[in-house]
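Input: a single structure, listed below in structure tokens.
Computed from the coordinates by the stated procedures, all read-outs in this text should not be read as laboratory data. Keep in mind that what you see is a predicted model, and the values were worked out from it rather than measured. So basically every Cβ, Gly included, is an ideal-geometry build from the backbone, and we count neighbours across all protein chains shown.
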Amino acid sequence: MELIEYLRKAVEMDASDLFIITGTPVSVKCKGRMEHIGTDKVMPDAARSLITAMYEMAGRSMDALNLQGDDDFSFAAPGLARFRVNTYKQRGTLASVVRIVLFTIPDWRDNGIPEKVIELAKLRHGMVIVTGTAGSGKSTTEACIIEEINRTRDCHIITLEDPIEYLHRNQMSIVSQREISIDTKDSLSGLRACLRQAPDVIQLGEMRDLETIRTAMTAAETGHLILATLHTRGAVNTIDRIIDTFAPEQQTQIRIQLGSVLQTVVAQQLLPAVGGGRVPAFEIMQVTNAVRSMIRESKTHQIDNVIATGAADGMISMDQSILALCQAGKITKDTALIYADNPDQMRRRIGA
């Protein structure tokens, strides 16, 4: 099969990822389960041919892959979908994992994203952080928030992505989408430059280093809305991760700064659903005055209790979200116990 045939098959199967790895048939992940496309194992020459075809479709050189051993990029197949690609070397052969991204922005209702998360589009300044492990749906959540801003507000939105996934068409807003290493050197350079490009909203990919975090917080202080991601689990871990990035002598000032700019942390994970597929669970921490004080005073260990009792402020803990999914019959009791932060307490709640 040619590359385009594999891509078309993956889209038709509603797969999330396509895998090209020597020694096994081309495979896809559908609703959390791995399935082969065909029975023929991919040989080294076939893997190289398929991956070379991807680079040709992207109009991209393979130099980075050959020099570094891995590479990230994206490309589109007209009338089919966009594809986010990671290529890499393994055991002396080439391999690739391809994320399928449909051209249309998903409807947040169909994806189980709470309305409280979409309402973050109404914020005018400060920092919103979407967290979760790889493949937990952070990019989709960010895209839905950006699309809601695009649909309802007069703004200049700048996205800094690595690589670009969802394509936003200008509606009420103007959307400038910049891809790292193609449209700008790196995240930090792009972020510094976009502050001179009259943005109202800035969407970042993952905040990977100290200077990017520092610049993002400064941008949030100066009246911009910053939407960023981190690979952390839970709101409290996110706050601690940001603060621990800085040297001990700087952390007091960073706590003060973070406490003043942070608006909301959304943590999410995807759980196996009853009947197949996956369903998202969300933790939402709104930064109230009480939370701001805890961040400034290094009492983040108390924030979990605030989230658990903060329903009136629009908050929900991860375990409360998981319990609601279980009670609604969307996930099994076993799944709830496996993914709960506090399995013993979850077991008592399910029993009650």
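Some notes on this structure:
- Highest mobility in the GNM of the chain, judged by mean-square fluctuation with C-alpha springs under 10 Å and restricted to Thr332, Thr238, Thr141, is found for Thr332.
- Principal axis dimensions, largest first and in whole angstrom, of the range 3-101 by Cα: 34, 29, 20
- For the range 254-269, backbone phi angles converted through the Karplus equation (6.51, -1.76, 1.60; θ = phi - 60°) give residue-by-residue couplings of 5, 4, 5, 5, 5, x, 7, 9, 5, 9, 8, 10, 10, 10, 9, 8 Hz, Gly and Pro being listed as x.
- Residues Lys41, Lys29, ranked from the fewest to the most other C-beta atoms within 10 Å, line up as Lys41, Lys29.
- Taking the chain as a Gaussian network of alpha-carbon nodes connected by springs under 10 Å, the highest mean-square fluctuation of the residues Gly223, Gly234, Gly69 belongs to Gly69.
- Interchain or long-range residues, amide H under 5 Å from Gln90's placed H: Ala95
- Surrounding net charge for Gly276, when Lys and Arg each add one and Asp and Glu each subtract one, Cβ distance under 10 Å: +3
- Close lysine pairs were tallied over the chain: pairs 8 or more places apart or on different chains with Cα atoms under 23 Å apart number 16.
- Cα-derived Rg over Rh, computed across the range 220-308 with Rh taken as Kirkwood radius: 1.04
- Spin-label pair Ile4/Ala290, simplified geometry with 7 Å Cα→Cβ offset, distance in nm: 5.9
- Distant-in-sequence amide H partners of Glu283 (H built 1.01 Å from N, under 5 Å): Ala267, Gln268
- Loop-exposed GluC sites (Glu not before Pro) per DSSP, neighbour cap 16 Cβ within 10 angstrom, longest uninterrupted part of the chain: 3-296
- For Val130, the residues 5 or more places off, or on other chains, whose built amide H falls under 5 Å of its own are Ala228, Thr229, Leu230, Val266.
- Projected label distance in nm at Gln90 and Asn66, using a 7 Å step from Cα toward the beta-carbon: 2.3
- Estimated FRET transfer efficiency when R0 is 35 angstrom, pair Ile256-Gln197 (beta carbons, to 0.05): 0.80
- Couplings 3J(HN,Hα) for the range 270-287, derived from phi with the Karplus relation 6.51 cos²θ - 1.76 cosθ + 1.60 (θ = phi - 60°), are 9, 10, x, 8, 4, x, x, x, 9, 10, x, 10, 10, 10, 10, 10, 8, 8 Hz, where x marks Gly and Pro.
- Charge tally around Tyr339: other residues with Cβ under 15 Å, Lys/Arg +1 each, Asp/Glu -1 each, net +1.
- Size of charge dipole - the range 3-101 - debye, nearest 20, with Cβ of Lys, Arg +1 and Asp, Glu -1, no other charges: 220
- When the Gaussian network model of the chain links Cα atoms closer than 10 Å, the mean-square fluctuations of Pro272, Pro114, Pro248 top out at Pro248.
- Three-way shape label, the range 176-222, alpha-carbon gyration tensor, a/c 1.5: oblate
- Taking each residue as 0.36 nm, the span from Glu211 to Met43 lengthens on full extension beyond its C-alpha to C-alpha distance by 56.2 nm.
- Among the listed values (1) 100, 35, 31; (2) 59, 55, 42; (3) 60, 53, 32, the one computed from these coordinates for Cα extents along the principal axes in Å is (2).
- Positive contributions from Lys and Arg (+1) and negative ones from Asp and Glu (-1), summed over other residues with Cβ under 12 Å from the Cβ of Lys29, come out at +1.
- If the segment from Arg153 to Ala53 were pulled out straight at 0.36 nm per residue, it would be longer than the present Cα-Cα gap by 32.0 nm.
- When both bridge partners sit in the chain, DSSP labels roughly 60% of those beta bridges antiparallel.
- Sorted by Cβ density within 10 Å, fewest first, the residues Met172, Met285: Met172, Met285
- Cα shape, the range 104-231, gyration tensor, a/c 1.5 rule: rounded
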